[in-house]
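Enquirer: Let me begin by handing over the structure; questions about it come next.
The values are calculated or read from the model by the stated rules, or taken from the named source; none is laboratory data. No experiment lies behind these values; they were computed from the predicted model shown. When we count neighbours, we look across all protein chains shown, and the Cβ atoms used for this are built from the backbone with ideal geometry, even at glycine. For accessibility, only protein heavy atoms count, side chains too; no ligands or nucleic acids. Shrake-Rupley method; radii C 1.70, N 1.55, O 1.52, S 1.80 Å.
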Amino acid sequence: MWLRYELRAFDDEGLLRNMKRIFDFVVSCSVLPVAIPICLAAAFAIWLECKASPFFWQIRLGRNETPFRLLKLRTMAVDTIQAASHEVNPQQILSVGRIIRAIKIDEIPQLWNVLVGEMSLVGPRPGLPLQQELTAARRAFNVFELMPGITGVSQIAGIDMSSPWDLAKLDASYNKSWRVGCDLSILYRTVLGRGSGDAAAKNGKHG
């Protein structure tokens, strides 16, 4: 009986993961016709201001702490240090970058990471390998069991990586049976501008 229960649990978990993957792929493909022109327009505006590539890759920690290359739109000066957003001088944010971050289109390139299976639309925001306290907190709450996301419950709640233990605890609450309605609600609230996981932008408002 124990073995049968374990196999059933494994099957249910695998089924939910596959359903979430299908959901991510279908939704990502559906928004691409709108997302690509917006992303290209933003990229051109970034290039006009900083005269550097508007796109770049950054190493982040994914599911099971596996490093992957996150595709990003450049919203900060080229010489900005490699650090978490809350540790970066807000003066480093480009003028157009502030607008892009405010309307949350800086995450659009990460649809590529979703399509190739490195991220999900909804999940904990992936951290940098150098964020040791965040990594420790996420290990403690088993957050690394989850696929990282473009947005998530913490972003909706306005909790960012400057509060790693609060962030990890809330992210862990998403680690339950996956539901389409839950993801749709988080995506909808993100589009409406609910919450803010952008520590750099919040620091800029205070400084």
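Enquirer: Measure off, as a whole percent, the carbon and sulfur share of the 1.4 Å-probe accessible area of the range 1-160, all protein chains present.
Expert: Working: 5480 of 8640 Å².
Its accessible area is 63 percent carbon and sulfur atoms.
Enquirer: Add +1 for every Lys or Arg and -1 for every Asp or Glu among the other residues with Cβ under 14 Å from the Cβ of Asn142, and state the total.
Expert: On the way: positive: Arg63, Arg138, Arg139, Lys169, Lys176; negative: Glu13, Glu65, Glu145, Asp171.
The answer is +1.
Enquirer: Same structure, new question: State in Å² the accessible area per residue of the chain; use a 1.4 Å probe, count heavy atoms of protein chains only, and round to the nearest integer. Show your work: numbers first, answer last.
Expert: Values: 11480 Å² over 207 residues.
Heavy-atom accessible area per residue stands at 55 Å².
Enquirer: Taking 1 over the mean of 1/r across every pair of different Cα atoms in the chain, what Kirkwood radius in Å do you get? Display every interim value, and only then the final one.
Expert: Values: mean 1/r = 0.0563 Å⁻¹.
Here the Kirkwood hydrodynamic radius works out to 17.8 Å.
Enquirer: Sorted by accessible area with a 1.4 angstrom probe, largest first, how do Thr80, Thr75 fall? Working shown, then result.
Expert: On the way: Thr80 35, Thr75 10 Å².
Greatest to least solvent exposure: Thr80, Thr75.
Enquirer: If you rank Met147, Met161, Met19, Met119 by how much accessible surface each has, with a 1.4 Å probe, what is the order from largest down?
Expert: Working: Met147 65, Met161 40, Met19 85, Met119 5 Å².
So the residues, ranked largest to smallest area, are Met19, Met147, Met161, Met119.
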